[in-house]
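The values are calculated or read from the model by the stated rules, or taken from the named source; none is laboratory data. Please read all numbers here as calculations on a predicted model, not as lab measurements. With ideal geometry, Cβ positions are generated from the backbone for all residues, glycine too; neighbour counts draw on all protein chains shown.
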Amino acid sequence: MAPSPISHDQLAAFAAVVEAGSFTRAARAIHLSQPALSRRIAGLEDALAVTLLVRGPAGPTLTDAGRRVLAYVHSQRALEDELLGELQPSARALRGEIRVVGPSSIVPAMVLPALSALVREHPQVQLEARTAGPDTMADLLRRGAVDFIVTDDATEDPTLVTVPVGMEELVMIESLRPGPTDLYLDSNVADRTTAWFFAEQPARARPRRYRRSFLQNEAGILLGVELGLGRAVKPRQTIPAGSPVRILDDFRPVKKPFHLRYRAQRFYSRLHHLALDVLTTSIRAGLAAALGAKRR
């Protein structure tokens, strides 16, 4: 008996659920009722004779078969985008999406400048660049909601390709104006940057007690330090030349490696290869330049 055919609508419904992280949000995104969406997913699973998604309290989870189908969907999308680009009047035109997530110390300074030239050259390319925490980033990548992540997470994952892009150096800074010396600024309550930095210091340099305040992101933290609200651990490249802050020599700078990651799959479009090359080159150059700069 010939296998049952699978439809584009079924694959689109499946991808929508994975990328949205819930059946409710996916149904809203593709303008279907939730029962109709569920029927499409069930039809796809029946056609393939496998379970693709397991429903749970935290949302649907991909099975191994689901991950293979998701990789196929992304390959199919990339192939369609490349074909459409080649059929345009200019064979060099590219189209599709580049979706990148990384920390606020990397995305504004290195990712956006690198990809802006590519997008200007290829107006049919849609860019999405945003910031997120390491756990959120990895989940977005595995679900297919983004194409690349920039992360300092060293966890190995055989479903992802990891490209080392350099070392980020963190230093302790304080304002040039008088301010509290026991108050340290992080982005939010879950941000462990200050605690991690202290753990990497010699015992004599670690404060016994300290207070924390929270200022959202790298730009907010820098502004807080400049205003004398407290000290902060900052990536060296996020401290502009001439900023009214000083690096404290009482604390040893600490380096941590960064990686560019994307999903492992059989087919990658020309746009993916180009974005990968541009991102790798830009981030490596930016981190290397920051390590070479010594601001005092």
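Among residues of the stretch 19-31 that are within 14 Å of Ile41 (Cα to Cα), those with a beta-carbon under 8 Å from a residue that is part of a loop (DSSP other than H, G, I, E, B) and of a type in the set (Ser, Thr, Tyr) at least six positions away or on a different chain give the pairs Ala27/Ser33. Being in the same structural domain as Asp135 (by TED's automatic domain parsing), in contact (Cβ under 8 Å) with a residue 24 or more places away in the chain, aliphatic (A, V, I, L, M) and more than 26 Å from Trp196 (Cα to Cα): is that true of Leu271 here? Answer is yes for this residue. Criterion applied to Phe214, Phe258, Phe197 was being more than 26 Å from Arg142 (Cβ to Cβ), aromatic (Phe, Trp, Tyr), surrounded by 15 or more Cβ atoms within 10 Å (Cβ to Cβ) and within 29 Å of the chain's Cα centre (by Cα), and the one residue passing it is Phe197. When each of Leu271, Leu276, Leu248, Leu227 is tested for being more than 21 Å from Glu169 (Cβ to Cβ) and either more than 28 Å from the chain's Cα centre (by Cα) or loosely packed, with under 15 Cβ neighbours inside 10 Å (or both), the lone residue that passes is Leu227.
Applying the criterion of being under 16 Å from Gly66 (Cα atoms) and of a type outside the set (D, E, K, R) to the residues of the stretch 16-25, the residue that is surrounded by the fewest Cβ atoms within 10 Å (Cβ to Cβ) is Ser22. Against the criterion of being surrounded by fewer than 14 Cβ atoms within 10 Å (Cβ to Cβ), of a type in the set (S, T, N, Q) and under 21 Å from Ala109 (Cβ atoms), Asn188 qualifies. Here Pro123 meets the list (1) touching a residue at least 24 places away in the same chain (Cβ under 8 Å); (2) over 10 Å from the mean Cα position of the chain (by Cα) almost entirely, failing just condition (1). Note on the stretch 109-120: among residues that are touching a residue at least 24 places away in the same chain (Cβ under 8 Å) and surrounded by 14 or more Cβ atoms within 10 Å (Cβ to Cβ), the one that is farthest from the chain's Cα centre (by Cα) is Leu118.
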